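Okay, structure first, notes after.
Bear in mind these aren't lab numbers, they're just calculated from the coordinates by the rules spelled out. This one's a predicted model, so the numbers in the text were calculated from it and none came from an experiment. So basically every Cβ, Gly included, is an ideal-geometry build from the backbone, and we count neighbours across all protein chains shown.
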Ligand SMILES: [Zn+2]
């Protein structure tokens with residue numbers, strides 16, 4: 001079935017929030033290929049998007065990432081760099097977004113693909129300096145982090 005054009009942005013938004021293509025196809029009573037075509041109109045390749053999400057997740061959960069966070073916290077004396085709060089849970093804000101760093105990394109190594117070389121790319125990422133640059137991290141409280149992202153109008 002044809003999906004009305006007026007639904008295209010809703011489909012894109014649901015996909016970007018994590019809904020699977022097959023669920024979108026079911027809800028709009030259409031096929032996977034038409035969902036994929038709609039997303040491509042927005043410059044989104046569903047397969048690549050999923051792989052980048054997985055890759056980012058793997059980076060965020062690796063030992064080196066945990067160490068990077070600890071090192072940033074230590075350097076900032078466990079104090080929120082926006083509000084000055086201490087003694088509250090702190091996160092590390094990426095000054096250059098993690099997604100952008102990963103995309104640049106993948107562009108530089110475009111002879112490898114996440115589809116075929118996922119583990120190899122993960123190993124190479126362990127040595128990619130921009131990912132582990134302490135000056136790109138900033139200790140922030142939940143409140144401070146919200147403030148930064150509200151100003152930038154971007155997700156954490
Ligand atoms: Zn952030």
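Is the stretch 62-152 best put as rounded, prolate or oblate by its Cα gyration tensor, with a ≥ b ≥ c the root eigenvalues, rounded for a/c under 1.5, and otherwise prolate when a/b is larger than b/c, oblate when not? List each step's numbers first, then the result.
Details: a/c = 3.08, a/b = 2.04, b/c = 1.51.
Since a/c reaches 1.5 and a/b is larger than b/c, the shape of the stretch 62-152 is classed as prolate.
So how far, in whole Å, is the C-alpha centre of the stretch 41-111 from the one of the stretch 113-133?
Answer, in whole Å: 13.
Go ahead and estimate [θ] at 222 nm for the chain from helices alone: -39,500 (n - 2.57) per DSSP H run with n ≥ 4, summed, over the residue count, rounded to 500.
-17000 deg cm²/dmol
What do you get for the angle between helix 46-60 and the principal long axis of the chain? Use alpha-carbon atoms, 0 to 90 degrees, nearest ten.
Helix 46-60 and the main axis of the chain meet at about 20 degrees.
Given springs between every Cα pair under 10 Å in a Gaussian network model of the chain, which of 138, 79, 17 has the largest fluctuation?
17
What nm distance separates the two modelled labels at residue 2 and residue 118, each placed 7 Å from Cα along Cα→Cβ?
Taking the two extended label points, one gets 3.8 nm.
Which residues in the stretch 9-26 place their backbone N less than 17 Å from a point set 7 Å from the Cα of residue 40 along the Cα-to-Cβ direction?
12, 21-22, 25
Tilt of helix 63-75 relative to the longest C-alpha principal axis of the chain, in degrees (0 to 90, nearest 10)?
The angle comes out at about 40 degrees.
For the chain, with a Gaussian network of springs between Cα atoms less than 10 Å apart, report the residue from 67, 41, 58 with the top mean-square fluctuation.
41
Which angle from 0 to 90°, rounded to the nearest 10, does the C-alpha axis of helix 32-41 make with the longest principal axis of the chain?
Taking the Cα atoms of the chain, the angle to 32-41 is about 60 degrees.
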